[in-house]
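First up is the structure itself, then whatever we jot down about it.
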2 protein chains.
Amino acid sequence: MTPDDGFSHAVDRMWAVVPAGGAGTRLWPLSRAGQPKFLHDLAGSGRTLIQATVDRLTPIVGERVMIVTGASHEGAVRMQLPDVSKVVAEPSPRDSMAAIGLAAAIMERQDPAAILGSFAADQLINDGDSFAACVREAAAVAATGLVVTLGIRPTFAATGFGYIEASEPLAGFPTATAVRQFVEKPNQETAERYLATGAFRWNAGMFVVRASVLLDLLALNHPELAAGLRRIAAAPELLPDLWPGLQKIAIDHAIAEPAADLGKVAMVPGEFDWEDIGDFAALAGLQQGAGLKVLGQDHLVVGHEASGLVVTGDRDIAVLGLQDVVVVDTGDALLVTDLAHAQQVKEIVDLLKASERSDLT
Amino acid sequence: MTPDDGFSHAVDRMWAVVPAGGAGTRLWPLSRAGQPKFLHDLAGSGRTLIQATVDRLTPIVGERVMIVTGASHEGAVRMQLPDVSKVVAEPSPRDSMAAIGLAAAIMERQDPAAILGSFAADQLINDGDSFAACVREAAAVAATGLVVTLGIRPTFAATGFGYIEASEPLAGFPTATAVRQFVEKPNQETAERYLATGAFRWNAGMFVVRASVLLDLLALNHPELAAGLRRIAAAPELLPDLWPGLQKIAIDHAIAEPAADLGKVAMVPGEFDWEDIGDFAALAGLQQGAGLKVLGQDHLVVGHEASGLVVTGDRDIAVLGLQDVVVVDTGDALLVTDLAHAQQVKEIVDLLKASERSDLT
């Protein structure tokens, strides 16, 4: 697993950071605030999403894996990943910049030349070798001082992701390019135009950067946040006191977009299959077979003139005469909808929160 | 509750027999072989169907109520109806003629002039006074030696019920008529023709007849069955031995149709509201409100852009973006279908029986 690609020097200084947050409300009631989607085996592979993420990173970085998660999930994460020793628990959610920035500040103190690669806990990637080659090249590019993002090959004109626009190839690297800009989720027409140019890739939020470069870039626009994170890394006992005062901001806005404006962002195109599993339609797409697909225990499901997705709990489920239906059975809550309404499932969660049933969310 | 209609003499000799059988497979998983529909409060009234049936009969016949049910339901029936002392348990299902015929033979021994009224345990009738008036007139007609059926006013061209064709009014009674014929469930075209004539009524299987007339009519075509039933009534200890050898036949074929051919059937038209609740579409029609109707606990259901029927169990249920959906939640099984497939629910039961899950049926 150490190909002679000339990138070993860089990748040997790299830490993989896995931010594990977000309730995944469009996957309710499977995914909850207390049981978010990264803790579930949504691919039916026998490994949860966060386990599969770490499985994919270990051949690249060995034991240099750090998970940043909410305090309420620390126990579940440690249980699922007993071999990962670095689990940082956030006292409260303060958005992605604080979570990843804290990881950067911690590793910067251990190795001033440390490289940080950030990979979300809830994405699916099938081709581990292709992914590893991409990350190794990204680490080598990051060693030169750039922020390097992984660009996902778009397979359709998606309106649910942001895009990265590539510009010139980067000299000295096999596939890396400079980045002209990051763009927000487009409308359908714009997404189709992006796809037609061939210059745009999906932004999956995966990036690689030297830890000190990340923090120095952050200090340009958000000096108090950068200083706060470095103080906590120097004196971890201050975490509970300082954390609540940190600015809440997404890393895209705090780092990626300003760095792109400064011409400091590169992209390495990923050619591996990638899935976000944002909703039950995506989840249905992952399951084998036709007709009524089952995630969980096949023997519990009887379908008759039916198609769609059933996620089983512990009871028998019969589905009769419905097409593209979605049935999700859990111990205390049941969802019945269809694939066309998959994006609206979060509206159910909003309704439950607005009523007195937020215990179910 | 004893109107001066001149029928008190007849009705004072009447026993109400409530045959309580049939699994109600089109209401699976709510209704099961082990928990048939008559044991459920399908109307959401606070009383189960069999309790409501007895509630409706008590003002007419007092304590002269006899329930004939399967041995496996005897316990549940006695629990739900502690005031009914006469519960006859059939060792095994032998169709309606044996069940009702046994009741007739038992009461014939107690009172040779006894009148038997048979009323299924799983029908809904709202207007108790109108029903009582109808039954009282039927008892008086039955006292003259006729088989009297109650004719339900058809509210649409139903293809799910048999029909009764009336002929001349019966002299000396306010509403009774002679009956020309019973006809089987018609096709749509025929049903519409029936409705247009004004002479046809739905056959709900409710009838009133002198017990000895019933048994004598039975003896004409099925002498062994009539004799067997009278033997059991004379020596109840023979029930377990004789019962399995009795002929299996529906009372419509054994009595009603032959008696009509002999000109011995009358009909009293019922003007009360009547519901059979044969499937979930009928059940949905009974519930109040529009949109997503709930049978059970309203607070467990969140509907959003949804309509249809939810039968709650003990869990929260969210329904999103589906119209005319049917969701039935029970402890061990869940059904998801729609109103258009209500009649096909029995196909699910057949599939379960054919697989190794007949425990769920």
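Quick notes
- Taking label positions 7 Å along the Cα-Cβ direction at both A:ASP55 and A:ASP261, the computed distance is 4.2 nm, reported to one decimal.
- Dipole moment magnitude, nearest 20 debye, chain B about Cα centre, only Lys, Arg, Asp, Glu C-beta charged: 680
- Sparse packing (at most 13 other Cβ atoms within 10 Å of the Cβ) combined with a DSSP loop state is found for the following GluC sites (Glu not before Pro) in region B:34-119: B:GLU63.
- Taking a ≥ b ≥ c as the square roots of the eigenvalues of the Cα gyration tensor, region A:1-83 is prolate, since a/c reaches 1.5 or more and a/b is larger than b/c.
- Label point 7 Å beyond Cα along the C-beta direction, distances from B:ASP5 to other copies (nm, shortest first): 9.1
- Here the chain B residue lying nearest the rotation axis onto A, judged by its C-beta and given with the distance in whole angstrom, is B:VAL336, 3.
- Taking the Cα centre of region A:118-201 as reference, the dipole from Cβ charges on Lys and Arg (+1) and Asp and Glu (-1) amounts to some 100 debye.
- Antiparallel content of DSSP bridges confined to region A:8-275, in %, to 5: 50
- Rounded to the nearest whole angstrom, the semi-axes of the ellipsoid equivalent to chain B, taken from the Cα gyration tensor as √(5λ), stand at 35, 24, 19, largest first.
- The local environment of B:GLN35, defined by Cβ-Cβ distances under 13 Å, has a net charge of -2 under the rule Lys, Arg +1 and Asp, Glu -1.
- In sequence order, calculated HN-Hα J values of region A:115-130 (Karplus, 6.51, -1.76, 1.60; Hz; x Gly/Pro): 10, 10, x, 10, 9, 4, 7, 10, 10, 10, 9, 8, 8, x, 5, 5
- Within-9-Å neighbourhood charge of A:LEU322 [Cβ basis; K, R +1; D, E -1]: -4
- Normalised by the number of residues in chain B, the mean separation of alpha-carbon contacts (under 8 Å, six or more apart) gives a relative contact order of 20 percent.
- For region B:252-288 versus region B:308-361, the gap between their alpha-carbon centres in whole angstrom: 27
- Taken residue by residue and averaged, Cβ atoms of other chains lying within 10 Å of the Cβ of A:267-275 number 0.
- Take the convex hull of the alpha carbons in the protein assembly as shown; its mean projected area over all directions comes to 38.9 nm².
- Counting only lysines at least 8 places from B:LYS37 when in the same chain, those with an alpha carbon closer than 30 Å to its own are B:LYS86, B:LYS185, B:LYS248, B:LYS293, B:LYS346, B:LYS353.
- Region B:142-207: GluC sites (Glu not before Pro) in DSSP coil with no more than 14 other Cβ atoms inside 10 Å: B:GLU184
- Of the GluC sites (Glu not before Pro) in region B:269-361, the ones in a loop by DSSP (not H, G, I, E or B) with at most 11 other beta carbons within 10 Å are B:GLU356.
- Dipole axis of region B:8-275 (+1 Lys, Arg; -1 Asp, Glu on Cβ), positive-most option in B:VAL213, B:LEU225, B:ILE125: B:LEU225
- Taking amide H as placed 1.01 Å from N in the peptide plane, the amide H of B:VAL326 sits under 5 Å from that of B:LEU309, B:THR337, B:ASP338, B:LEU339, each at least 5 places away or on another chain.
- Rounded FRET efficiency, nearest 0.05, which uses the C-beta distance separating B:GLU168 from B:ALA235 and R0 of 45 Å: 0.55
- Shortest-first nm distances, A:GLY291 label point to equivalent points in other copies (7 Å, Cα→Cβ): 3.6
- For residues of B:311-324, the mean tally of beta carbons on other chains within 10 Å: 6
- In this assembly of identical copies, the label point of A:ALA234 (Cα plus 7 Å along Cα-to-Cβ) is separated from its counterparts by 10.9 nm, sorted shortest first.
- For the protein assembly as shown, the dipole from Cβ point charges (+1 on Lys and Arg, -1 on Asp and Glu) about the Cα centre works out to 460 debye, to the nearest 20.
- Based on every Cα atom in region A:280-360, Rg and the maximum pairwise Cα distance Dmax equal 13.0, 39 Å.
- A:ALA340-A:PHE156 FRET efficiency (beta carbon distance; Förster radius 22 Å; 0.05 resolution): 0.85
- Between 0 and 90°, nearest 10: helix A:95-110 axis offset from chain A longest Cα axis: 40
- Fraction of antiparallel bridges per DSSP, the protein assembly as shown only, in percent to nearest 5: 40
None of the figures in this text is laboratory data; all of them are computed from the coordinates on show. The structure displayed is predicted, hence computed values, not measured ones. Because the Cβ atoms are built from the backbone with ideal geometry, glycine has one as well, and the counts that use them run over all protein chains shown.
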